[in-house]
Amino acid sequence: MTTAARAPRTTARASRPFRYLLGSEAASLSGSAVSTIALPTLAVLELHASTTQVAVLAFLGQLPSTIALWAGAVSDRHAQRPQLIASDLAAAAALVTIPAAALTGVLTIGHLYAVTIVLGTAKTVHDAAAISLLPALVESHQLQNANSRLGAASSVADSAGSNAGAALVGAFGPARSVLADAASFIISALLLWRIRIPERAAGRPTEQRGLARDIIDGVRYVLGQPTIRTVIAALSALSFGLAVMNTYWAYYLLTALGTSPTALGVIMGVGGAGSLAGALLAPRLAARIGLGATIITGFAVSPLAQVPLLLAAPGPGWQITLATALAVQLFWATASGTSQRSLRQALCDPRFQGRMQAASTTVTAGARPLAAATAGILVLLLDVRTTLTVGAVLQIVPVALLLASPVRTLRSMPLPPATVDVPPAREGGTRARP
């Protein structure tokens, strides 16, 4: 595969619009990390949710990923900035209802279900629009640097948000703590409002076409790209295994291992530090050991990092071990994620960026509701620990997929592709134009 020539030394941070996007992502992600602590604590410790209700909550959180293809088609067709702002404001409005309901004594697990669906829908729309917008904010040679900075911001936000979430839950209770997340979405929307880019970069359609046809063309494009297709398949397999575990991860720590909400936040915060290091070092790792090796190592470390959880017992010693394992896992996961995301963006025709990401979200995040349902069934037939073991074993599958793919021999970032036409979804239609 042909590789790119040496890139100019300018970084993505030189772009003011990118700095606003970076700040927006950092704000919303830090708030969401607070909710990652507050919502499970609220469900398990205050609403006394059963294992079935915990599985339903996880299932509903991933269900909105089923509209990813629609969101991707819309993001390629219309200006992305209004979509990002609207999704942030919708998420903020939904979160505010939680402390309001708790204050009046009417908060139920059903209310959490509804808020979870709104948050998942907003995230799906946001992610599709953001990945479409990014290539319009930076030069092509800055994509890996931009994704590295976004990954670093995400890691800092997760770490800071998790620790803040633990402190807020302890000081104010889980219901009122989600107000911090609502505020973060409002800040994010304000930063996005300040982005100014030429209208030509907004992804307007060149002809009147139905969204269904746009979606079909996007899926056909992705299926015709071997490397993109293989990476997305591996992501989907990894996502399924992780989602089986994540359905009961917090529940297992809070109950079977006796971890306090504060300790849970600390464990996640340490993991966030590992993720930050992985994001910052991703370009150096890819340059030293190769882009393909960085991607595959990130997938391979994931099942190995689950072993301490399966062996853990209550006590601070095991909590330190779990925090360390999570940090190692997230270091490589973020380095790998930053690299594979940049690879997919570099290989993808600009007209299909949103739909490419939507296809990835559909099969990746779309596997999670099925995984949550599978976890719910497994825990009824077996137990929580055995269900976690099944999830860990499933994470071996994507490693095999990548080792048998062209990713294994990829040393550096490939050149952007030439723009090509994709056959229309229906005979007699007008071909897509560059």
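The values are calculated or read from the model by the stated rules, or taken from the named source; none is laboratory data. None of the values given here were measured: they were computed from a predicted structure. With ideal geometry, Cβ positions are generated from the backbone for all residues, glycine too; neighbour counts draw on all protein chains shown.
Any residue that is surrounded by fewer than 22 Cβ atoms within 10 Å (Cβ to Cβ) and not in a helix (DSSP H, G or I) - is there at least one of those in segment 238-247? Looking through segment 238-247, none of the residues is surrounded by fewer than 22 Cβ atoms within 10 Å (Cβ to Cβ) and not in a helix (DSSP H, G or I). Report yes if some residue within segment 56-71 is surrounded by fewer than 19 Cβ atoms within 10 Å (Cβ to Cβ), modelled with pLDDT of 90 or more and part of a helix (DSSP H, G or I); otherwise report no. No; the residues of segment 56-71 include none that is surrounded by fewer than 19 Cβ atoms within 10 Å (Cβ to Cβ), modelled with pLDDT of 90 or more and part of a helix (DSSP H, G or I). Filtering segment 258-288 to residues that are in contact with a helix residue (DSSP H, G or I) (Cβ under 7 Å, 6 or more places away or on another chain) and closer than 27 Å to Q53 by Cα leaves T259, P261, T262, A263, L264, G265, V266, I267, M268, G269, G271. For the residues A33, A7, the requirement of being part of a helix (DSSP H, G or I), modelled with pLDDT under 80 and in contact with a helix residue (DSSP H, G or I) (Cβ under 6 Å, 6 or more places away or on another chain) singles out A33. How about segment 363-417: which of its residues are surrounded by 20 or more Cβ atoms within 10 Å (Cβ to Cβ), within 22 Å of Y113 (Cβ to Cβ) and within 19 Å of the chain's Cα centre (by Cα)? Matches in segment 363-417: A365, G366, A367, R368, P369, A371, A372. Taking (1) touching a helix residue (DSSP H, G or I) at 6+ places or on another chain (Cβ under 9 Å); (2) closer than 30 Å to L381 by Cβ in turn, W70 satisfies each apart from (2). For segment 362-407, the set of residues classified as in contact (Cβ under 8 Å) with a residue 40 or more places away in the chain, not in a helix (DSSP H, G or I) and not polar (S, T, N, Q) consists of A365, G366, I396, listed by residue number. Within segment 164-181, restricting attention to residues that are within 22 Å of the chain's Cα centre (by Cα) and over 15 Å from L95 (Cα atoms), the residue that is surrounded by the most Cβ atoms within 10 Å (Cβ to Cβ) is A166. Consider segment 36-46 and keep the residues that are crowded, with 19+ Cβ neighbours inside 10 Å and hydrophobic (A, V, I, L, M, F, W, C). The one that is nearest to V118 (Cα to Cα) is L39. Only one of these is at pLDDT 90 or above and of a type in the set (A, V, I, L, M, F, W, C): A373, A425, A400. Name it. One residue alone meets the criteria, A400. Listed by first and then second residue, the pairs with beta-carbon distance under 7 Å, at least 6 apart or on different chains, first residue in segment 303-330 and free of Cβ contacts under 8 Å to residues at least 40 places away in the same chain, second of a type in the set (V, I, T), are A305/V328; P308/T321.
At least 2 residues being touching a Leu at 6+ places or on another chain (Cβ under 9 Å) and small (G, A, S) is the threshold, and among the helices (runs of 4 or more DSSP H) wholly inside segment 256-336 those reaching it are 261-289, 291-304. Here Q353, Q357, Q345 are screened, and the one residue that is at pLDDT below 85, over 29 Å from L60 (Cβ atoms) and crowded, with 21+ Cβ neighbours inside 10 Å is Q345.
Among what's in segment 72-83 and is of a type in the set (A, V, I, L, M, F, W, C) and part of a helix (DSSP H, G or I), pick the residue that is nearest to F352 (Cα to Cα).
Filtering first and then ranking leaves A73.
Within 26 Å of A164 (Cα to Cα) and of a type in the set (A, V, I, L, M, F, W, C): is that true of A33 in this structure? Yes. Take the conditions (1) surrounded by fewer than 24 Cβ atoms within 10 Å (Cβ to Cβ); (2) in contact with a Gly (Cβ under 8 Å, 6 or more places away or on another chain); (3) among the hydroxyl-bearing types (S, T, Y); S339 misses just one of them, which is (1). For segment 297-313, enumerate the residues that are touching a Ser or Thr at 6+ places or on another chain (Cβ under 8 Å) and not polar (S, T, N, Q). Of everything in segment 297-313, those that are touching a Ser or Thr at 6+ places or on another chain (Cβ under 8 Å) and not polar (S, T, N, Q) turn out to be G298, F299, P308, L310, A312.
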